Amino acid sequence: MSQPTIILAMSSYSDFAAAIQKHLEYHNFKVIFINSTSEELKKQVDSSFYYPSLKSHLIHTARKIFLSDCSYKAYLKEQMYNQKLLANIKKLLGNSHYDYTLVIRPDLFPIEALQLLKTHTKNDFVAYQWNGIRRFPKTKPTINLFDRFYVFDSEDLHNEEYQQYRLNGISNFYFDMYQPQPVSHTGTIAYFVGLHVDSRIAAIEACANALIKYGINLDFNIKFRPSEASKAGLYSCKEIHFIPENITFDDNLKHINNADILIDIVNPVHHGLSFRTFEALYYQKKLITNNPQIKNLDFYHPDNIFIWKNADDLQKIENFLARPFVSINPDIIKKYSFANWINNILNRQPFQKISVI
């Protein structure tokens, strides 16, 4: 059987792109990677920027002086970046054609680039939007370009505004080329990592304080965008760590292996299940979450997963933690592996069907 080929097109802002490419290769795909957010191309644009016409320069100057608006220059830079990205894709792909293309976050690509990728795809041209569509409205014009367009938020599937589009639901997954390697330690450790979001402060602090109350050791880590660094003072819990850089993929696995409990706090911009949910399943960790969607999944068990809605619910954590972890059917665990997920996405038999409700 010949080795299947795939174009993986997504942002390299986090090392998730490297992890997905590595896992595709682990599962016998030959991968060509297209980066939607190339720092090299951005530097080229910054160093060689010019106004394409006197008119464009005058428009920028007028908006800057009279409206205190510098966005027009940013718009021109985006257009230059998109042109360079398109040229880069043409050079990279040449005359080659690939069995599949998977685009993650298609809103980060100009339409022309997506159309070009499609012409280099022999079989399935597929997209996965792992953030809510409402959060990134540029997604909508791209949807009908694809043979299949997947979303992980069930609200996108049921939103009347999106009924004109052909959307498919699929959850996130866990990376399966790594085996769980629990680390011996004393005490009980709860692990959380996430980007600061103003509206999540109260939930994070309520969960942290409840865990401390019941003698749980916190491994809580929050990353701030540079413009929001001053907001660290909004957190009163002294056991929450503020991290200057994102935790790398490999370090995240170390934290998971070292923990007994994984914490998931919903980002209010979407309601899809985070990667933490599936890591808890695979690494056999207890999960504490305020996302009620998880109750609909086949691996939900109240002894393994604690769902809370308000601070009063957190008073029941002690009883939850006292109950032993319940083993889940191995076939159900395999269902949410990367191997089964990619077969779902690409419609490559055999696979167990994954959906969102």
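The values are calculated or read from the model by the stated rules, or taken from the named source; none is laboratory data. Worth saying up front: this structure is predicted, and the values here are computed from it rather than measured. Note that we place each Cβ from the backbone using ideal geometry, even for glycine, and neighbour counts take in every protein chain shown. These area figures cover heavy atoms from the full protein model, side chains too; ligands, DNA and RNA do not enter into them. Shrake-Rupley method; radii C 1.70, N 1.55, O 1.52, S 1.80 Å.
Residue-wise, which Karplus ³J(HN,Hα) couplings in Hz belong to the range 12-19, taking 6.51 cos²θ - 1.76 cosθ + 1.60, θ = phi - 60°, and x for glycine or proline?
9, 3, 10, 7, 4, 4, 5, 5
Have a look at D156, D250, D264 and tell me which one the Gaussian network model of the chain (Cα, springs below 10 Å) gives the largest fluctuation.
Judging by the Gaussian network model, the answer is D250.
With the cut-off at 26 Å, tell me which of the pairs K22/K90; K138/K254; K84/K118; K223/K254 have Cα atoms farther apart than that.
The pairs that break the limit, which is 26 Å between Cα atoms, are K138/K254.
Taking loop as defined by DSSP and a crowding limit of 16 other beta carbons within 10 Å, which GluC sites (Glu not before Pro) in the range 150-235 fit?
Loop-located and lightly packed - none at all.
Going by the alpha-carbon gyration tensor, a ≥ b ≥ c the square roots of its eigenvalues, is the range 123-213 rounded (a/c under 1.5) or, if a/c is not under 1.5, prolate (a/b greater than b/c) versus oblate?
oblate
Just to check I understand the Karplus step: with θ = phi - 60° and J = 6.51 cos²θ - 1.76 cosθ + 1.60, what whole-Hz values come out for the range 76-88, glycine and proline as x?
5, 5, 4, 5, 5, 4, 4, 5, 5, 4, 4, 5, 5
What is the range 1-146 by shape, rounded, prolate or oblate, if you read a ≥ b ≥ c off the alpha carbon gyration tensor as root eigenvalues and call it rounded for a/c under 1.5, prolate for a/b larger than b/c, and oblate otherwise?
prolate
Report the Cα centroid-to-centroid distance between the range 104-167 and the range 239-272 in angstrom, as an integer.
27
Can you run phi through the Karplus equation (6.51, -1.76, 1.60; θ = phi - 60°) for the range 226-241 and list ³J(HN,Hα) in whole Hz, with x for Gly and Pro?
Each residue of the range 226-241 in turn: x, 6, 10, 4, 5, 7, 4, x, 6, 8, 9, 6, 6, 8, 8, 9 Hz.
Count charges around R63 for me, please; just the other residues with Cβ under 13 Å from its Cβ, Lys/Arg as +1, Asp/Glu as -1.
+2
If ligands, DNA and RNA are left out, what is the accessible area of K55 with a 1.4 Å probe, given in Å² to the nearest 10?
We get 150 Å² for K55.
Accessible area per residue for the range 175-310 in Å², computed with a 1.4 Å probe and the full protein assembly in place, what is it?
Roughly 45 Å² per residue, with all protein chains present.
Below 14 angstrom from the Cβ of F224, what's the summed charge of the other residues (Lys, Arg +1; Asp, Glu -1)?
Once positives and negatives cancel, what remains is +1.
Only Cα pairs within less than 10 Å get springs; with that Gaussian network setup on the chain, which residue of A339, A113, A87 has the largest fluctuation?
A87
What are the principal axis extents of the Cα atoms in the chain, in Å, biggest first?
Cα extents, longest axis first: 69, 59, 41 Å.
At a 1.4 Å probe, what is the % contribution of carbon and sulfur to the accessible area of the chain?
Answer for the chain is 51 percent, counting heavy atoms of protein chains only.
Please list, ordered by chain and number, the residues whose modelled amide H lies under 5 Å from the amide H of K223; skip anything fewer than 5 residues away on the same chain.
Under 5 Å from the amide H of K223 lie the amide H atoms of G194, L195, H196, I243, each far enough along the sequence or on another chain.
Among the lysines, which fall within straight-line cross-link reach of K122, defined as a Cα-Cα distance under 16 Å, with same-chain neighbours fewer than 8 residues apart omitted?
K30
Going toward the positive end of the dipole of the chain, with +1 on Lys and Arg Cβ and -1 on Asp and Glu Cβ, which of F220, L262, L116 do you reach last?
L116
Using the Cβ atoms and a cut-off under 11 Å, what net charge is assigned to the surroundings of V326, where Lys and Arg are +1 and Asp and Glu are -1?
+1
Calculate, for K231 and K64, the FRET efficiency according to 1/(1 + (r/R0)^6) with r their C-beta to C-beta distance and R0 22 Å; round to the nearest 0.05.
The computed FRET efficiency comes out at 0.15.
Along the three principal axes, how long is the range 166-261 when you take its alpha carbons, biggest first, rounded to the nearest angstrom?
47, 39, 24
Which part of the range 216-232 falls in the paramagnetic zone of N246, meaning amide N under 15 Å from the point 7 Å along Cα-to-beta-carbon?
Label zone hits: 222-226.
Okay, helix-only estimate at 222 nm for the chain: each DSSP H run of n ≥ 4 adds -39500 (n - 2.57), divide by all residues, round to 500 deg cm²/dmol; what do you get?
After summing the helix terms and dividing by residue count, I get -10500 deg cm²/dmol.
Springs between alpha-carbon pairs under 10 angstrom, Gaussian network model over the chain: which of N347, N95, N217 fluctuates most?
N95
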